[in-house]
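J.: I have a structure I would like to understand better, so I am pasting it below and will then ask my questions one at a time.
The values are calculated or read from the model by the stated rules, or taken from the named source; none is laboratory data. All of these numbers come straight from a predicted model, not from anything done at the bench. Virtual Cβ from ideal backbone geometry, glycine too; neighbours counted across all protein chains shown. Calculation scope for accessible area: heavy atoms of the full protein, side chains included, ligands and nucleic acids excluded. Shrake-Rupley method; radii C 1.70, N 1.55, O 1.52, S 1.80 Å.
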Amino acid sequence: MKKGLVLEGGAMRGMFTCGVLDVFMENGISFDGAAGISAGAAFGCNIKSRQAGRAIRYNKKYCTDPRYCSFRSLIKTGDLFGGEFCYRTIPQELDPFDYKTFAENPMEFYAGAVDVKTGKVVYHKFTDCGDADMLWLQASASMPLVSRPVRVDGYELLDGGIADSVPYAFMEGKGYDRNVIVLTQPKGYRKKKSKATPAFKLLLAKYPKVAEALAQRYKMYNAQMAAIDRREAEGSALVIRPPQALGIGRTEDDPNELERVYQLGRAEAERRLEEVRKFLG
């Protein structure tokens, strides 16, 4: 049996995931491997470095800093979320990431990002969260239209959620057969076709495969939700999701709102804790 952790993205909805993972860490819940997309990767990496409380702490402290997320950053750097500040300054200086523990922890950790040439997701296995790994984290969370593609390992990459919102199939393909899936939308949520599809084609003319993937994203996402529901009903996966819509913006900069959603994640994880233990054996 291989115990896996699967983490959806969702920008600041990811504070829910942070709450869930902190409860897991505080209660000794461990996994053989994890895969995250977008915010699921950017925040989820803290479970491998065993740093409970870190993600909510630095998000609350720096969410109003224009270097973290702002239109000023978008205009100045080409990225709404400042790459240098988020993926270098914070982990290296302001709220140190435990690179040593991350590297020594045998739990596998993967993040997915979309190759702008093909519109397909590419997964990367992390080693030490050094410079290359951090670029993959940045790539996985680089939302189209408000981010520049990230160049790493011969790829140009954007947000993994464009083509694979919840990487359960990837983990199953790696042999993980007991997966806890953390979602950031409530049960029954389905995406609708985006009204911005014509704009995608225009604004992403340089990356037609990305525009095409964005136009079809609602179909991909809804098919994934149906598949996850089946796994949940069969008992082959345990799904933790918000009990209701989180009502938080993708770029929320109110620390109180971040804390509110984080506490919802903690409460749901605590409510399901014994169920998780039993599921993982």
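J.: Could you tell me, in Å, what Rg and Dmax come out for the Cα atoms of the chain?
T.: 17.4, 51
J.: Enumerate the aspartates and glutamates that LYS100 could reach by cross-link, defined here as Cα to Cα under 15 Å, with residues fewer than 8 away along the same chain left out.
T.: GLU108, ASP128, ASP131, ASP133
J.: I need the fraction of alpha carbon pairs in region 122-242 separated by more than 17 Å, rounded to a whole percent.
T.: 63 percent
J.: Kirkwood Rh over alpha-carbon pairs of region 56-140, then Stokes-Einstein at 10 °C and 1.306 mPa s: what D in µm² s⁻¹, rounded to an integer?
T.: Translational D for this selection: 112 µm²/s.
J.: Here's a follow-up. Quick one: dipole size for region 42-105, taken about the Cα centre, charges +1 on Lys/Arg Cβ and -1 on Asp/Glu Cβ, in debye to the nearest 20.
T.: 160 debye
J.: Please list ASP79, ASP229 in order of solvent-accessible area, largest first, computed with a 1.4 Å probe with all protein chains present.
T.: Final ranking, largest accessible area leading: ASP229, ASP79.
J.: Return the Rg/Rh ratio of region 1-102 with Cα-based radii and a Kirkwood Rh.
T.: 0.99
J.: Which links in LYS187/LYS219; LYS2/LYS191; LYS60/LYS125; LYS125/LYS191 stretch past 19 Å when you go from one Cα to the other?
T.: Violating the 19 Å Cα-Cα cut-off are LYS2/LYS191; LYS60/LYS125; LYS125/LYS191.
J.: Reachable aspartates and glutamates from LYS117, Cα under 19 Å, same-chain residues fewer than 8 places away excluded?
T.: ASP153, GLU156, ASP159, ASP164, GLU212
J.: What does the accessible area of ARG250 come to, in Å² to the nearest 10, when a probe of 1.4 Å is used?
T.: Probe radius 1.4 Å; accessible area of ARG250 about 110 Å².
J.: Spin-label point model (7 Å from Cα, Cβ direction): what's the ALA227 to ALA267 distance in nm?
T.: 3.2 nm
J.: Please report, as a whole percent, how much of the solvent-accessible surface of the chain comes from carbon and sulfur atoms (probe radius 1.4 Å).
T.: That share works out to 52 percent.
J.: Tell me the per residue accessible area of the chain using a 1.4 Å probe; a whole number in Å² is fine.
T.: In whole numbers, the chain has 44 Å² accessible per residue.
J.: List the residues of region 45-87 whose backbone N lies under 16 Å from a point placed 7 Å from the Cα of ASP131 along the Cα-to-Cβ direction.
T.: 84-85, 87
J.: Under a crude label model (7 Å from the Cα following the beta-carbon direction), how far is MET25 from ALA205 in nanometres?
T.: 4.6 nm
J.: How much solvent-accessible surface does LEU214 expose, in Å² to the nearest 10, with a 1.4 Å probe and all protein chains in place?
T.: Its heavy atoms expose roughly 20 Å² to the probe.
J.: For region 132-184, what value does the Rg/Rh ratio take when both radii are computed over Cα atoms and Rh is the Kirkwood radius, given to two decimals?
T.: 1.04
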